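The values are calculated or read from the model by the stated rules, or taken from the named source; none is laboratory data. Remember, predicted model here, so these are calculated numbers, not experimental data. Glycine gets a Cβ as well: all are built from the backbone with ideal geometry, and neighbour counts include every protein chain shown.
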Amino acid sequence: MKKNYFLLLTTVIFSTVMSFGQISIGPKVGLNFATITADSDASEGKGSATGLNAGAVINIGINDMFSIQPEILFNQKGVKYGFDILGVSAKTVIKESYLDIPVLAKVAFGGESVKGFVNAGPYLGYALSRSGYSEVDGEKTDMDSEDLEYDDDDSDGSKSNRLDLGLAFGAGVQFAAGPGNLFVEARYWLDFTDAVKYDETPDDYTATKNRVFAVSVGYLFTLGGE
């Protein structure tokens, strides 16, 4: 009986979604250039860490111009600090791997073969893992795994916040190709949540929030529509 209810519910949801218009689904992959907002003694050398973004996209067409686009992505964020001390070049890179789920409103414009588009919407993310290394004069040393763990409660009263909530917005162009569309997109990820929580926030504390500029390419296969 429960299986029948589940099948009925799935059928109703699928039929409702299909009634809106064209459905497309496909993969995307690209590069992230990530940093954080937090100040530190090394803020003058703060730069972008390069990471990966990859995942799946589903586009639900409402009409010829407007659609809703949920995604599920593996998204690497982080920061890089670079130094030059007495002629010795050094850098520290920290990366965090997130599972991000954005739900975007998308507006497309143009002809049948080539269209431009803009999109924006909220996203929810969860930190999966963290890695890092230091490099001095080309010699790389991985950070201690214990220093990179998500502690429930550190000695200074801070706690890691693995949940991410923010806004993503971007623009791109798509080209009709075969059974679907090839697209290229630039996107900015703006975190609202702090990566660290304190029982008592220090007076000189600056919130640590991710900022990511991403470029990606993908392909959307057309499943059906009006």
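So here's what we get for this one:
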| quantity | calculated |
| --- | --- |
| Top-ranked residue of the range 171-198 - restricted to ones that are assigned to a loop (DSSP other than H, G, I, E, B) and in contact with a Lys or Arg (Cβ under 8 Å, 6 or more places away or on another chain), ranked as modelled with the lowest pLDDT | Ala195 |
| Residue check, Pro102 surrounded by 12 or more Cβ atoms within 10 Å (Cβ to Cβ) and closer than 21 Å to Ala49 by Cβ | yes |
| Residue under evaluation Gly55, criteria (1) farther than 29 Å from Ala207 by Cα; (2) surrounded by 14 or more Cβ atoms within 10 Å (Cβ to Cβ), criterion not met | (1) |
| Residue under evaluation Gly224, criteria (1) within 24 Å of Ala108 (Cβ to Cβ); (2) modelled with pLDDT of 85 or more, criterion not met | (2) |
| Test: residue in the range 125-142 that is in contact with a helix residue (DSSP H, G or I) (Cβ under 9 Å, 6 or more places away or on another chain) and either among the charged types (D, E, K, R) or within 18 Å of Ala171 (Cα to Cα) (or both) | yes |
| Any hit, the range 30-37, residues being surrounded by 13 or more Cβ atoms within 10 Å (Cβ to Cβ), at pLDDT below 90 and of a type in the set (Gly, Ala, Ser) | no |
| Selected residue (only one of Ser97, Ser134, Ser155, Ser89 is assigned to a strand (DSSP E or B), out of contact with any Asp or Glu (no Cβ under 7 Å at 6 or more places or on another chain), modelled with pLDDT under 85 and more than 20 Å from Phe221 (Cβ to Cβ)) | Ser134 |
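One line per residue, one yes/no per condition, for (1) in contact with a Lys or Arg (Cβ under 6 Å, 6 or more places away or on another chain); (2) in contact (Cβ under 8 Å) with a residue 40 or more places away in the chain; (3) of a type outside the set (A, V, I, L, M):
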{"site": "Asn53", "(1), (2), (3)": "no, yes, yes"}
{"site": "Ile60", "(1), (2), (3)": "no, yes, no"}
{"site": "Leu104", "(1), (2), (3)": "no, yes, no"}
{"site": "Glu112", "(1), (2), (3)": "no, yes, yes"}
{"site": "Lys140", "(1), (2), (3)": "no, no, yes"}
